[in-house]
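Before any comments, here is the structure.
What follows draws every value from the coordinates through simple rules; no lab data is involved. Remember, predicted model here, so these are calculated numbers, not experimental data. As a convention, Cβ positions derive from the backbone with ideal geometry for all residues, glycine included, and neighbour counts pool all protein chains shown.
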Amino acid sequence: MVEPGDKGSDRLLTLRLQTPDGPATLVSAYAPTLTSTPEAKDEFYSNLSDVIRNIPDNEHLVLLGDFNAGVGADHDSWPYCLGHFGVGKINENGQRLLELCSFHGLCVTNSYFQTKPQDRVSWRHPRSKHWHQLDLVIARRTSLKTVLLTRSYHSADCDTDHSLVCSRLRLHPKKFHRTKTAGKPRIDTTKMQCPDKVEEFAKSFVDALSPDKQRNSASEK
């Protein structure tokens with residue numbers, strides 16, 4: 001379910017959903033390119049930081065889109081933001097993005113899955129023909145276990161020079177504890193395996209049905 005009040009801008013679009021595991025906020029981003037002015041980059045990351053700050057820590061958060069940032073593969077320098085399967089080298093935009101992720105406790109999920117090399121990139125430079133990983137899916141580090149897979153699909157026709165990047169999430173529904181209703185009483189048949197118990201039961205059954213017992217019972221009434 002989409003909640004009212006979702007807001008957007010030229011570069012950021014926020015969508016809040018109600019899921020079985022509680023509210024989840026998706027932030028679609030289109031970051032400035034590497035050749036954009038520092039002022040444009042500062043404004044974008046300032047606005048993105050404000051959006052993240054206004055989302056409660058206990059809610060699911062997913063940032064996705066074209067970040068125009070090369071975050072590289074230096075897991076040792078960014079152990080809380082990058083996995084072991086990053087691509088390429090970090091650039092200026094990647095530095096900005098990783099600093100934001102480090103500040104807000106986020107991680108780039110693309111770098112956490114050992115997929116084929118072509119499944120880790122999403123855009124090919126028109127002149128150099130080199131592939132880059134610019135389209136990212138970012139989640140809170142505390143929610144990383146809910147991300148099952150993030151990879152690119154080059155066969156999808158999206159009318160763009162970027163390949164489709166998909167991420168699968170698993171949200172656990174909340175458990176409701178209900179009081180169990182009382183079940184029907186069950187006859188304990190295990191005593192039938194004891195000969196003494198069987199004989200005792202048969203004798204009491206015969207005595208209860210004897211004519212003398214029935215006459216005494218009728219006279220008492």
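In vacuum, with every alpha carbon of the chain counted as one equal point scatterer, what does the Debye formula give for log10 I(q)/I(0) at q = 0.10 Å⁻¹? Two decimals, please. For the requested q values the scattering log ratios are -0.53.
Axis angle, to the nearest 10 degrees, between helix 38-53 and the longest C-alpha principal axis of the chain: 10 degrees.
Between rounded, prolate and oblate, where does the range 99-139 land on the alpha carbon gyration tensor, with a ≥ b ≥ c its root eigenvalues, rounded for a/c under 1.5, else prolate if a/b exceeds b/c? Because a/c hits 1.5 or more and a/b fails to exceed b/c, the range 99-139 counts as oblate. Shown is the FRET efficiency for residue 21 and residue 50, computed with R0 = 35 Å from the Cβ-Cβ distance and rounded to the nearest 0.05: 0.90. Straightening the chain between residue 142 and residue 89 buys 16.5 nm, computed as 0.36 nm per residue apart minus the Cα-Cα spacing.
For the range 6-53, rounded, prolate or oblate, judged on the Cα gyration tensor with a ≥ b ≥ c (square roots of eigenvalues), a/c < 1.5 rounded, else prolate if a/b > b/c? Prolate shape, in that a/c is at least 1.5 and a/b is the bigger ratio. Taking Cα centre as origin and charging only the Cβ of basic (Lys, Arg, +1) and acidic (Asp, Glu, -1) residues, the dipole magnitude of the chain rounds to 900 debye. Taking Lys and Arg as +1 and Asp and Glu as -1, the other residues whose beta-carbon sits under 15 Å from that of residue 142 total +1. GNM remark for the chain: springs join alpha carbons under 10 Å apart, and the peak mean-square fluctuation among 210, 46, 28 falls on 210. Take the chain, connect every pair of alpha-carbon atoms lying under 10 Å apart with a spring to form a Gaussian network, then pick out the residue of 135, 119, 196 with the largest mean-square fluctuation. Among 135, 119, 196, the largest GNM mean-square fluctuation belongs to 196. DSSP assigns beta bridges within the range 1-80; of those with both partners inside it, close to 60 percent run antiparallel.
Could you tell me what percent of the DSSP beta bridges with both partners in the chain are antiparallel, to the nearest 5?
Working: 29 of 36 bridges.
Just about 80 percent of them are antiparallel.
Filter 89/116; 41/129; 41/89; 41/116 down to the pairs with a C-alpha to C-alpha distance above 24 Å, please. Each step should come with its number before you reach the end.
Values: 89/116 18 Å; 41/129 26 Å; 41/89 20 Å; 41/116 32 Å.
The pairs that break the limit, which is 24 Å between Cα atoms, are 41/129; 41/116.
Rounded if a/c is under 1.5, else prolate if a/b is larger than b/c, else oblate: which is the range 64-109, with a ≥ b ≥ c the root eigenvalues of its Cα gyration tensor?
Numbers: a/c = 1.36, a/b = 1.03, b/c = 1.32.
Rounded.
So which residue, out of 189, 142, 35, gets the largest mean-square fluctuation from a GNM of the chain using Cα contacts under 10 Å as springs? Maximum among the listed residues: 189.
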